Every structure is written in structure tokens, then in C-alpha cells.
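Trainee: For reference, the structure I am asking about is given below.
Please treat every number below as a calculation from the coordinates, not as lab data. This one's a predicted model, so the numbers in the text were calculated from it and none came from an experiment. Cβ: placed from backbone, ideal geometry, glycine included. Neighbour counts: every protein chain shown.
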Amino acid sequence: MTDRRFHFISGLPRSGSTLTAALLRQNPRFHAGMASPIASLFDGMIAQVSAGSELASTVTPAQRARLLRGLFDSYYAEIEAPVVFDSNRAWTANLPALMQVFPEARVLCLVRNVSWIMDSLERQVRSDPFEHTRLFNSPGERSTVYTRVEALAGATRMVGYPWHALREACYSEFADRIVLLDYDLLVQRPKDVFGLIYDFLGEDPYEHDFDAVQYDAPAFDQGLGTPGLHRVHPVVAPRPRQTILPPEVFEKYAKLSFWRDLSDSRAFRVVADGESKADVPEAEPTDTPVLQ
């Protein structure tokens, strides 16, 4: 489909990216899913034609862009939807190349208080104490909650890498192509948030069913040793809970929500009405969301 449009889903883990994809795919114009392999193929193809490769001098910049676009066309060739959302946390680290290939693309970036991301992953680990998940590389990393959280926060690891990539994207020359969607606001006011997503994408509104959401990836999750990691609740709603993290760990990672103050960034953010880019709310937002 030559006139197909591509957009992207990125941001932080355990922050609603799978939920967002599951809701978007309710619209028959859209196709969306969990993380695809295209980001790795994209980077690998660039590596094959970069300096140091014998192929570097034989492939022009225009050819490189067409080859990279061809990855998407080939991977999604069997999909009939005119709008495709490709999901991967690496896209925010590859905006310069991505935006040259898809100049009209937009990136939906899901965010969440990092302490609650760590809490969610720790719960996932504890939910099956007879399984050593592949989230950790050694017995030392998985030995205690302290080592587990520290490992996940590493600059190249599951939480640290997308956090750094997102911060880079928010202050890049392509920051105005991304919108940050806070998980808490999404589950509290899904209809309002999705209305703003459609405005940001320039798409006609669609009536989503927030009480009948379906998505699961049991084979993928089982391969990671994390059953249920990508299973979404059928009803979009807040689910308050007490953290299982030690107090000092929770406090440490709660300070990393840099997107609460984007006064020097051109990135868009869905916020509660009345909240400025520099506000740090003391309570969960309840006002009508706006695109800022």
C-alpha cells in the first residue's frame, strides 16, 4: 500500500504502550501491536552501509532511505490498514533517521512515575518465584530487590535505556513530533486522552470501547519468563495499590519524572487542564486533559 502512513509508539516500559496499541487497533483504519523487530533491523541496515563497511561507498543517502522504508513496507505488506503504528522503545533514540524516512510521522510516548514502573516489574518477578526471568543477566543481578532495580535502571537496560532515549528526544530538533502520554491520566480519562491523540495525529475521531480491551502475547512473554507481561485489563480504569518497593528505593526513582517540567522543550504533553509545563502535581490529575 503505497499511500500508507506510519506513526510510532515509544516511551517507557510498563507505562501503557501495549494498552494504547490495543485501543488504537479497535479503529479499523489502524494497525498497532506490541514491540516489532523493525527497530533492530533498521539499526542493523544502517550499520551495514556505514563507514568501515565495504558497502558504504556504494549506497547513497537516498538509497539508504528507500531501503529503510522498504523494511516497513515488507514487514507490514499483509496489513490492509492505511495507518500503521510501529512500537519500539528504541525509536526515541533514532529520531533523526526515522524522521527523514517518515517526515510526517508522529511518536506517541508513554510515560509513568519511574517508581511505579519499578514496582510493576518487581511484582512481575515475584509473581512466579519458581522462574528466573530473562530480565536479568546473572544471579547477582536478580539476588535482591535492590540489585534488580539497579540492574533495570542501567543506561542500556530495560528501564534506563528508554528513559535516556526519551529525554534525548524531548530536547532534540524533532521534539515537536512527539507527544508524552502519562499512564495515570490515560487510565483515568481515556476518552479525553484519546480525543487529544486523534487531534495530534490529524485523524478523524473514533468511538473507542474502553470497557472491552483485548490484547495478550503469551508466547512472547513465556519466552522471557514473564507470563502476563503484555496482557492488558479488559476495562481501562485506575487500580491503586501500595508499593512493594523499600521506601528509599521508591523515593529515589520517583524523582526521575523529568517530563513534569518541559518548559525548555518543544515536545507536546497531554496534561490535566490548569497544569502548566513546569508544574509538579501533588495529587493525581482529575481535570479535563489538554494537549500542551
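Trainee: List the chymotrypsin sites (Phe, Trp or Tyr not before Pro) in segment 93-195 that DSSP assigns to loop (not H, G, I, E or B) and whose Cβ has at most 16 other Cβ atoms within 10 Å. Which are they? Provide the component values of the computation, followed by the final result.
Mentor: Details: sites: Trp116, Phe130, Phe136, Tyr146, Trp163, Tyr171, Phe174, Tyr183, Phe194; in loops: Phe130, Phe136, Tyr171, Phe174.
Answer in residue order: Phe130, Tyr171.
Trainee: Loop only per DSSP, at most 15 neighbouring Cβ atoms within 10 Å: give me the trypsin sites (Lys or Arg not before Pro) in segment 97-149, ordered by residue number. Mind showing how you got there, number by number?
Mentor: On the way: sites: Arg106, Arg112, Arg123, Arg126, Arg134, Arg142, Arg148; in loops: Arg106, Arg112, Arg134.
Those that pass, being in a loop and sparsely packed, are Arg134.
Trainee: To continue, here is another question. Positive end of the charge dipole of the chain (Lys, Arg +1 and Asp, Glu -1 on Cβ, about the Cα centre): tell me which of Ser40, Phe8, Cys170 has its Cα farthest that way.
Mentor: Working it through, the farthest residue towards the positive pole turns out to be Ser40.
Trainee: Does segment 45-106 classify as rounded, prolate or oblate by the C-alpha gyration tensor (a ≥ b ≥ c root eigenvalues; a/c under 1.5 gives rounded; else a/b over b/c gives prolate, otherwise oblate)?
Mentor: Values: a/c = 2.22, a/b = 1.67, b/c = 1.33.
Here segment 45-106 falls in the prolate category.
Trainee: While we're on this one: If you put +1 on each Lys and Arg Cβ and -1 on each Asp and Glu Cβ, how big is the dipole of the chain around its Cα centre, in Debye rounded to 20?
Mentor: The calculated dipole for the chain is roughly 620 debye.
Trainee: I would also like to ask the following. Go through [x] 16.4; [y] 13.3; [z] 28.3 and flag the label whose value is the computed mean projected area of the Cα convex hull in nm² for this structure.
Mentor: Checking each listed value against the structure points to [x].
Trainee: I've got another one for you. Where does the charge balance sit around Arg123 when Lys and Arg score +1, Asp and Glu -1, over other residues with C-beta under 11 Å from its C-beta? Don't skip to the end; give the middle numbers.
Mentor: Details: positive: Arg14, Arg126, Arg241; negative: Asp119, Glu122, Asp128.
For residues surrounding Arg123, the net value is 0.
Trainee: For segment 1-51, just say rounded, prolate or oblate: build the C-alpha gyration tensor, square-root its eigenvalues into a ≥ b ≥ c, call rounded for a/c under 1.5, and beyond that prolate if a/b exceeds b/c, oblate if not. The partial results should precede the final answer.
Mentor: Working: a/c = 3.59, a/b = 1.51, b/c = 2.37.
In terms of gyration-tensor shape, oblate.
Trainee: Hey, another quick one. Name the most mobile residue of Ser115, Ser172, Ser50, meaning the one with the largest mean-square fluctuation, in a Gaussian network model of the chain with Cα contacts below 10 Å.
Mentor: Ser50
Trainee: Enter the Cα centre distance for the pair segment 152-172 and segment 85-150, rounded to the nearest angstrom.
Mentor: Cα centres, segment 152-172 to segment 85-150: 9 Å.
Trainee: If the chain between Arg69 and Leu41 were fully stretched, how many nm would it gain, using 0.36 nm times the residue separation less the Cα-Cα distance? Kindly include the intermediate steps, with their values, before the conclusion.
Mentor: Working: separation 28, 0.36 × 28 = 10.08 nm, distance 1.13 nm.
8.9 nm is the gain from fully extending Arg69 to Leu41.
Trainee: Next question. So which residue, out of Gly33, Gly160, Gly140, gets the largest mean-square fluctuation from a GNM of the chain using Cα contacts under 10 Å as springs?
Mentor: Gly140
Trainee: Which loop-located GluC sites (Glu not before Pro) does segment 94-154 contain, where loop means any DSSP state but H, G, I, E or B and the Cβ has at most 14 other Cβ atoms within 10 Å?
Mentor: Qualifying residues, ordered by number: Glu104, Glu131.
Trainee: Mean separation of Cα pairs under 8 Å and 6+ residues apart, divided by the residue count of the chain: what relative contact order is that in percent? Before the final figure, lay out each step's value.
Mentor: Values: 437 pairs, mean separation 67.2, N = 292.
Across the chain, relative contact order equals 23 percent.
Trainee: Taking a ≥ b ≥ c as the square roots of the eigenvalues of the Cα gyration tensor of segment 81-176, is the shape rounded (a/c under 1.5), prolate (a/b larger than b/c) or oblate?
Mentor: prolate
Trainee: OK, next. Would you kindly derive the ³J(HN,Hα) couplings of segment 245-262 from the backbone phi angles with the Karplus curve 6.51 cos²θ - 1.76 cosθ + 1.60 (θ = phi - 60°), listing them in order in whole Hz, with x for Gly and Pro?
Mentor: In residue order, the calculated couplings are 7, x, x, 5, 5, 4, 5, 4, 7, 5, 7, 9, 7, 4, 6, 5, 10, 10 Hz.
Trainee: Sticking with this structure for a sec: Would you grab the residues whose amide H sits under 5 Å from the one on Gly11? Only those 5+ places off in sequence or on another chain, please, with H modelled 1.01 Å from N.
Mentor: The answer is Thr92, Leu110.
Trainee: Add -39500 (n - 2.57) for each DSSP H run of 4 or more in the chain, then divide by its residues: what number comes out at 222 nm, to the nearest 500 deg cm²/dmol?
Mentor: -10500 deg cm²/dmol
Trainee: Compute the FRET efficiency between Glu54 and Val83 as 1/(1 + (r/R0)^6), taking r as their Cβ-Cβ distance and R0 = 30 Å, and round to the nearest 0.05.
Mentor: Working: r = 38 Å, r/R0 = 1.28.
The pair Glu54/Val83 has a calculated efficiency of 0.20.
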